[in-house]
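Below you'll find the structure, written out as structure tokens, and then a few comments.
Coordinate-derived values only; no laboratory data. No experiment lies behind these values; they were computed from the predicted model shown. Note that each Cβ is placed from the backbone with ideal geometry, even for glycine, and that neighbours are counted across all protein chains shown.
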Amino acid sequence: MSTSTTHAAEGILPETFVHIEGIGAKTERRLWQAGILDWQALARTPLARRANIMGALERSQRALERGDLDYFFMELPASERWRAFADFGPQFVAVDIETTGLSSYDELTMIGIESAGEYRTFVRGANLADAVDALREAKGLITFNGALFDLPFIARTFPELDLPRVHVDLRFLARRVGFPGSLKTVEHDAKLDRRSELSDISGHEATVLWSEYEYEGRRRSLRDLVRYNAADTCVLRPLAELVVDRLYQALQVDRERPEGEQRLFDPDLPAGLPRTRRTPTPTVKPPRVSAGTSTLKVGRQTLALPERRSTQPRIGITDLTARMRDPNARIVGIDLTGSESRPSGWALLEGDTVITGTLSGTEEILTRTLACRPRIVSIDSPLALPAGRDCTEDSCECRALGITRHCERTLKRRGVNVYPCLIQSMQALTRRGIEIAQALRNEGVEVIESYPGAAQDIMRIPRKRASLTQLQNGLERFGLCGLRTAGALTHDELDAATSAVVGSFYLADLHEALGDDTEGFLIIPLLPEGLQHSEPREHCEDTSARQGVCMLIGAGASAHASALGLPAAEDGRTPAPGALLLGEDLDDYWRVLAEHGPCLRAAVIEPPGTRQPRRPRFADLQLRADDPQRLRRMRRWSRQWMPPAG
Ligand SMILES: [Zn+2]
């Protein structure tokens, strides 16, 4: 009897046994080979006399009848959960996000969702928060690499949202059926079409498209980014169907092959292998996208053109100098290269003004740096070896202790791209960094290790590989003066300037030191909690209206409260819903926040220490209101206190 053709088009689950306790893949295969092809057939065997098996079959039948995707997903072993997608595909929505970058410091800019063949976009500054409802309704999610990227980003942005447990991540499934690599590679290898003009946009360029819209107002960049996201999102379902087909075919082969000859999926399977799974879903067509002067049209969806609000944290170089003991302390930043033949970037930062240049020889770097009499030198290079290593050589015994330091592992975990300090291409740089740091320390100069890439991620400035112009623009938005006009600066100089800025964070005591005494410390900026975000963070809960605003005494909080018609709560006490929290300082505010949970969140303010400021400025203000009109009014009100974007 040919087992592969007897299956009727009812789906994979009724012939699945591996979700039953005590039945593994091997037993399932043996059952199939014995002609036991579905639950009914299994119920007629002696095996079914075992109570747990009969019970499981009955539960499965009931779950199937009520379309309980969750049940099957949780009962199936992780490697076989795709079978639930095979039968419950329409309950899934495909999700793909865009961000300002890849690290955990970055922000979400767009969520694309395809549900029942229709794509919708949710864009920062327009309707991003509406994605919460769309995601809440989803029974299951399809993503490509969502477990590591998209879903953690969404969870960080919307902490109150419970994402569905049911999630099919195609990155791993595609690899299993012979399509390793990025979504683009997989699409190409699987011969899934994508319009050609989109094929050469990489994920990195997508972050640049967003910045071009955000900071330069280029509508075409926004349109391209939505198109790109739509193409990525709309290919997920067809890809899922294709991958599930292949996995199913592999099961068919397993059934026919006598035991002992099992093998993994073979991409060269004979064409025309019988399959009767079900009617394939049609391909999902991405919508037409256009960005006009006031609206963004995406298929049937019309959005207001997203507001352009900077994603850069609302902190700048003057905030740092204000916190430094000596605001005019001189800081030298060096973007070191591994050899004297390649010029290194060099920057001198004093207050908010930076001077940059390139220097080659070690002697020249030392002389020039010492001549500035810097308070601190910040070097972009590893300045220490991994614990236990005594040299950089691969041939030495100490190589057994590895090539990576803890600080590099920590950054990696945070999604910040960094090289281990002793991979071959870094060895010369590490040696030179240690030598120069030692020479400077011998002269009594304090030296710190910095990494511009990490600092740029934390400050949400595009890295040099994304776009040199945007890196320079980002540093200028940060408040750095003295950078030459575009085109004339090299990326080494911009990285040196960034290293110098890390020195400011260090002297302003807004830094995190990664490492220990043996491996030294890598310094990265640490943003104070109220300044991590750049805009009012609007949440989307439908709970009762509450807003908190914390202002320094004398900043005019009571006047604002009465202008808004809000009662004001006393210092540090729990405000009633709708009340304005007044506090002398942020500590009060954050303490109340910690005690009373996320329903009250907002922040502040003028730079700490400033009394009687002329204009209160909010770093972060969270507004909630059940009445949309009131919410709009509060938003308008709050915006006048936010410095303009860009
Ligand atoms: Zn050694």
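Observations on the structure shown:
- Here is the list for region 39-103: trypsin sites (Lys or Arg not before Pro) lying in DSSP coil, each with at most 10 other C-beta atoms within 10 angstrom of its C-beta, are Arg44, Arg66.
- Computed from backbone phi with θ = phi - 60° and the Karplus coefficients 6.51, -1.76 and 1.60, the 3J(HN,Hα) list for region 215-226 is 9, 10, x, 6, 5, 5, 5, 4, 4, 4, 5, 5 Hz; x is used for glycine and proline.
- Calculated FRET value between Gln438 and Arg175, using beta carbons and R₀ = 60 Å, to 0.05: 0.85
- Placing dummy labels 7 Å off each Cα toward the beta-carbon, the span from Thr518 to Gln61 is 6.4 nm.
- Placing a pseudo-label 7 Å from each Cα along the Cα-to-Cβ vector at Ala34 and Arg218 gives an inter-label distance of 6.6 nm.
- The 3J(HN,Hα) values that the Karplus relation (6.51, -1.76, 1.60; θ = phi - 60°) gives for region 344-353 are, in residue order, 9, x, 9, 9, 10, 10, 9, x, 9, 10 Hz. Gly and Pro appear as x.
- Each of Arg219, Arg373 was scored by other Cβ atoms within 10 Å of its Cβ. Listed from fewest to most, they are Arg373, Arg219.
- Within region 96-122, backbone nitrogen closer than 14 Å to the virtual label 7 Å beyond the Cα of Leu148 toward Cβ: 102-104
- Along region 122-131 the Karplus relation, 6.51 cos²θ - 1.76 cosθ + 1.60 evaluated at θ = phi - 60°, assigns HN-Hα couplings of 10, 10, 4, x, 10, 9, 3, 5, 5, 4 Hz to successive residues, with x for each Gly and Pro.
- Between amide H atoms placed 1.01 Å from N, distances below 5 Å from Met110 occur with Glu98, Arg124, all of them 5 or more places distant or on a separate chain.
- Take the Cβ atoms of Arg136 and Glu21, set R0 to 35 Å, and the FRET efficiency comes out at 0.65.
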